[in-house]
Each structure stands twice: as C-alpha cells, then as structure tokens.
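Comments concern the structure below.
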Amino acid sequence: MKNLSYKIKTLFFCFFLFTFLGHAQNQAIQDSLGNLIQTSSIDSIKAEALMDLAWQKMYAENTEALDLAHQGIKTLDNVSSLRIIGYAYTVIGVVHWVGSSYDSAAYYLNKSAEAYQAKNDLRGLSAVYNNLSMVYQNKSDYTKALDYATLALKTSEEIGDEKMIGNSLFSVGNIHYLLEDNPKALSYYRRALTTKNKVNDKHNLQKIYLNLGSSFHNLKELDSAAFYYSKCVMTSEELGDYKALAIASSNLGNFDMELGRPNEAYQHYLKSQEIYQSKLNNDYDYAVLLHSMAKAQLQLENFPLAEDYGKKSLALSEKIKDNKRLSAAHIVLSDIYEEKGDFQKALSSFKMAQSFRDSIFNLDKAALLADIETKYETEKKENQIILQETELSKQKASNQRNLVLIFSLLVILFLISILFLLNQSRQKKARQLLLQQKEIEIKEAYINAALESQEVERKRFAQDLHDGFGQLISALRLNISNLNDRNGEMEDRIAIVDKSESILKEMHTEIRNIAFNLMPATLIQFGLKEALLEFAQRMNSSGKIQIITDTQEMTGRLSEIQEISLYRVIQEWVNNVIKYANASKITIQLVRHDIELNLLIEDDGAGFDVNRLQNSSGNGWRNIQSRLKRINADFEIDSHPDRKGSSLIIDLPIDKLTIAKEADIMV
C-alpha cells in the first residue's frame, strides 16, 4: 500500500505540470484556427477551420464550441465536398454529445453517416458508428450501442484499418464494462491497446488506459489499476484531454475510498471538480463525480453536505435523463436518509432507485417492493407502539429501542443480500444470451457450409456422369448399331464386339473412379489406414505428385464417423495443397495412442498466411472445420509466406466407448 500511495503522489505532480504545458499548446492551435477563419474567403476552408476550432473547445467551452459548429454547418451551403460535409456533421454531433444533448448528437451523426455513405468512405463510416455507440451508451440503450459498435468493428475490419479496429474494440469493451462484465471488458480493452500500439496510434489511448484502470479497480486489483491510471494521466496531458484527467482524478479518489480514507478521497474529488467547473461541461461525468463526493461525505458523517452533493447529482441525472445515474443518485440519498434516521425518505429513494434500475434491465420487482413496503409499515407500527408505551420505565423503553434498531439492521442486510443475488442473476442471464447468440450464428454458418458443399458435390457428380458416361454410351450405341449391318464381314463384327468390350471396361473403370470419389469401399470395409494407402496410390499414379504415407503406428479402427471425417479432411487438404501450393511431395503420418490419434500432413510447397485462411469464407476450409468440430478434434496449422512447406496437425481424442468396442468388452 505504501508503494501504491507513492505512485499516486507522483501521478499528481505530473498531473498539474502537464496541465499548464498542454493548455499553452492548445491555445496556440486555437489562435491559429481563429486567424484562418477571419482571413479565409473560401467556404470549404472556413467550414473545416470552424469545425476544427469547435473540436478544440468542445470540452472546456462547450457552448462556444456549439456556436462555432453551427456557423460551420451554415457555411456548408456552398460546399460540395462530401468529406468536409461528413466531417462537419461528425464534429457537431460529438460536440452535442459532450454537452449531454444525446438526441441532437444522434441526429447529426446520422447525417454524417449519410454523407460518408454517399462518398463510399468506409473509414469515416466506422468512426461515425463508434460515436453513435458512445451516444447510446450514455442513453443506457446498450442494445443499440452494441449494434453500432459491432457495425464499426465489421466496417473497419473490412478495410483493414488497424486504427479504426482499435477504436471499435474499445467501444465494444465499454459496453461490457457498463454491463459490469469486467473480465470481458478487459479482454476487448487489451486487444484495442495491442492494436493501437502496433500502429503507434495515440487517438483515444488515454481512454483505454483509463478504462483498463477502472476494470482492474472493480476487480480489486489495485496495483494494476494504479499503473493504468498513471498511464492515463501522462497520455491525457500529452493529448490535452481534460475529461480523462478529471475522471482519472475521480478514480484515484475511489482508491482512497476503497482503502477507508474518505478525507484523502474527498481531496481528489475536489481536484476533479475544479477541472469540471473550469475546463469541462459534461453533465454525465459530473453527475458521477458528485455521486462519489456524496458517498465520501456520508463516510465522514457530514450528512448535510452529503445530502447536498446527492441532490446535485440527482438534478444532473434528471437533466440528462440517464437511468443508471438516476438509480445511483437515489441509492446514495437512500443511504444518507437511513443514517439520519429518516426511514420514510430512505424507503422512497430506494423505491425510485429500483424503478430506474428495472427500466435498464427490464425486470419486474413489484413483489420485492411490496415486501419492502410491508417491512416499512411493520416498522412504523412498532415505533408507534413504542411511543404509546412512554409511561413505562426508562430502562424498558431503552431496551425496546435497541430491539427495533437490531431488527432494522437485519432487515436492511436481508434486502441488500436479495439485491446482490438479483444483480448476479441478471449478469449471468445477459452473458448466457450473448453466448447463445454466438453459438446460433456459428451453427448457421456450419449448416450453410454443409449445404453448399453438398450442392458442389452433386454438380461434380453430374458433370462426371455427363462427360464420362455420355461419350462412352454414345460410342457403345454406335458400335452396337454397326452390328445390325448384315452386309458386314464376320471379322468386322468381331472387331466391333472387341471395341465394345473395351468401351465397357472403360465404363467400369469410370464407375469405380466415381464411386471412389463418393465413398471409397476400402474405407468402409478395411478402415482409414487402407483407404489412405489406396488414395496415395491413385494420386501417385498421375505422376504429378508424390504422396508418402506412414501408418505403421496406426492399429485398430475408429468409429465410422471418425474415419469418414478424417478421410475427407485429408482429401480436401491434399487437393488444396496440389491446387495452390505447387508442392511436389506430401507426407501423411498416422500415430495411434491409447486415448488419442495424431495426424500430421506435411508438404514442400509454398507457405501462406495462416490468418488469411482463418478468415476465409471458402467452402473447402469451412468443410474441414465443420468435420473436425463434429468429431471434437483439435487442429493446428504451421505455415508462413516467407518459407516453404506447411503442416496440418490434428489431435483426435478416442473415448473409452470406442476403445471398449474394439476390444469387445463391456464398460
């Protein structure tokens, strides 16, 4: 804890040093933009400069930034550039978002999306989708927020823009953070951080550090939280992001609250409040800060000041109409009234908190509130009885009050336990719904791949019959018709019969080849080992490839579905190697262990990027994945475009039932 305290002190020394330097740098940029606006006579340049200046001022001077943005929108009448139009509507939308005007923000951001769609600017669209996701996060509409964040990620991945991919991953992580799934949020934040560091992109980097710190803070991993908060402060000062600075200061206050130091926490909150009052105009974040200040004063038992902060937080929450903040404000007021002994107000605030929380998660808590009401009425009647018995001795009255106090504490603890269990249940259901949705999407993809594969196989089978048998049957029919020629010599007829017999042999060979491609009889009768030997012999006979099979360690047979699936995977992989890798030699090795089968396919062809294969939508690769998933097999691909040769490694577990069946014993 001493080390943690030292980090926080060092952090705040840097905090105020960089605040001064960052302000001077931003002022120079603003002065330059102001001069360009005054001197330029070109509408497109003037509009873009107005939006740039609005962007610079949107946190510290939001009202002025909004005026500048509206001036820029008016200037667009004579501007035809879709890039500038899309940028202008993005800026005014974000300025409205910073000012907590979420409906206006969504309106202008949708107009920006229309401009970028007309320009076919996918990078601009991805940025707008991310901003729309942030708007709906603040509106507590997490369904729409996740839809836009997912759309942003899909769009950025489509164009391969690593910077936009990082921003989109950050947006998805925010939604999981707001849903209180901190482990899931951490996974997305880490992916976002890795992506941004990969391309040295500092945009929103301070926010990723901040939310990483907050997630670790929620998980009680304080050292990790302190590390990322310090990274947030340094990066925020470098980028001039006062909002992130204010939130980081507030979170450091939360640190001290966790450590039972409300006095130190309140000092951090005051520093954050100073930034909001002098630099920022963001009702949502300020409402969060006021809520924390109310909790700190409650711990210090300064109930009047705690109530004042709680009411201010409630007023801002009502202004922005944010249900989550409204619920939090009523909860802290309920705690304050309870400590003051005003149980009626405490119950009223608690009911309001629950009603707003229900609106977020769409759950019915009428039964729970009725239970609270009953307990409250019971407590009220008991208090009345105590008042009516004032004629009793002071000692007896004191004992009665103590009993009521104990009973009240037990009731509160019981209610808190119920709320905790309900909250855990909601989170579990939300996670299950997300997992079920993903499983359904994966199953649909496998079904589509299987159907497409069947259609391709049918077309190939029909083509083989048409091309091979069609010609042979025509030739055979012609030969037989020649036998009807009575004027022909016996030698000619014998020759015709011999030729017909040759055609029948070709037809027999063609039938065997088609039957082998559909389902090798050797595979069904003798198993995977013998079928692979026959497959290699057929491929080697072409003279275009050398296939070597090593099946000495393969003993016994597998289940029918396992043998067919592995055979089709080998067949598909070998055909792809021949088709794309220009290989001259392929080695197939099968090794059978007690509870596992290992399959290794190696070639000497050209290597490839494994990531491209993993992201491929082709039927061949999807068929391989589907078959291996069906038999619960694990696989690994080793290849690289800068070196020759590729390897496919498959590990197939063999369950006890299969082993017992081979040994003809009961399990």
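Using Cβ point charges alone (K and R +1, D and E -1), the dipole size of the stretch 244-308 about the Cα centre works out to roughly 160 debye. A straight line joining the Cα centroids of the stretch 97-132 and the stretch 411-427 runs 39 Å.
Fully extended, how many nm does the chain gain between Val404 and Thr587 (0.36 nm per residue separation, minus their Cα-Cα distance)? Before the final figure, lay out each step's value.
Working: separation 183, 0.36 × 183 = 65.88 nm, distance 8.24 nm.
Length gained between Val404 and Thr587: 57.6 nm.
Scanning residues 5 or more positions from Gly645 or on other chains, those with amide H under 5 Å from its amide H are Gly605, Ala606, Gly607, with H placed 1.01 Å from N in the peptide plane. Here the peptides 70-81, 120-131 are ranked by packing, the mean other Cβ count within 10 Å, and the order with the highest first is 120-131, 70-81.
About the Cα centre of the stretch 572-615, how large is the charge dipole given +1 on each Lys and Arg Cβ and -1 on each Asp and Glu Cβ? Please answer in debye to the nearest 20.
Details: 4 positive and 7 negative charges, 34 e Å.
For the stretch 572-615, the charge dipole is close to 160 debye.
Summing charges over all other residues whose Cβ lies under 11 Å from the Cβ of Lys243, with Lys and Arg as +1 and Asp and Glu as -1, gives 0. Classification of the stretch 27-93 by its C-alpha gyration tensor yields an oblate form. The axis ratio a/c (a ≥ b ≥ c) is 1.5 or more, and b/c is at least a/b. Note on Asn35 and Asn423: the model spin-label points, each 7 Å out from Cα along the C-beta direction, lie 5.4 nm apart. Here the extension length gained between Lys396 and Val610 equals 68.9 nm, from 0.36 nm per residue of separation less the Cα-Cα distance. Sparsely packed loop sites in the stretch 176-253 (the chymotrypsin sites (Phe, Trp or Tyr not before Pro) outside DSSP H, G, I, E and B with at most 13 other Cβ atoms within 10 Å) do not occur.
Taking Cβ atoms as reference points and 12 Å as the exclusive limit, the residues near Lys585 contribute a net charge of -1, counting Lys and Arg as +1 and Asp and Glu as -1.
Ranked by the mean number of other Cβ atoms within 10 Å of their residues, highest first, the peptides 623-636, 46-59 come out as 46-59, 623-636. The distance separating the Cα centre of the stretch 582-658 from that of the stretch 535-565 comes to 14 Å. When the alpha carbon coordinates of the stretch 152-229 are projected onto the principal axes, the ranges are 38, 25, 14 Å, largest first.
Taking label positions 7 Å along the Cα-Cβ direction at both Asn632 and Glu238, the computed distance is 4.9 nm, reported to one decimal.
Using a 1.4 Å probe on the protein heavy atoms, what percent of the accessible area of the stretch 100-166 belongs to carbon and sulfur?
Values: 1280 of 2950 Å².
Roughly 44 percent, rounded to a whole number.
For the stretch 86-231, the solvent-accessible area works out to 39 Å² per residue, with a probe of 1.4 Å and every protein chain left in place.
What is the local net charge at Phe216, summed over the other residues whose Cβ is closer than 13 Å to its Cβ (Lys, Arg +1; Asp, Glu -1)?
On the way: positive: Arg190, Lys220, Lys231; negative: Glu221, Asp223, Glu258.
With Lys, Arg at +1 and Asp, Glu at -1, the net is 0.
Straightening the chain between Ala430 and Ser559 buys 42.6 nm, computed as 0.36 nm per residue apart minus the Cα-Cα spacing.
The values are calculated or read from the model by the stated rules, or taken from the named source; none is laboratory data. Bear in mind that the values here come from a model prediction, so they are computed numbers and not experimental data. Cβ atoms come from the backbone with ideal geometry, glycine included; neighbour counts cover every protein chain shown. What goes into the accessible areas is simple: the full protein's heavy atoms, side chains included, and nothing from ligands, DNA or RNA. Shrake-Rupley method; radii C 1.70, N 1.55, O 1.52, S 1.80 Å.
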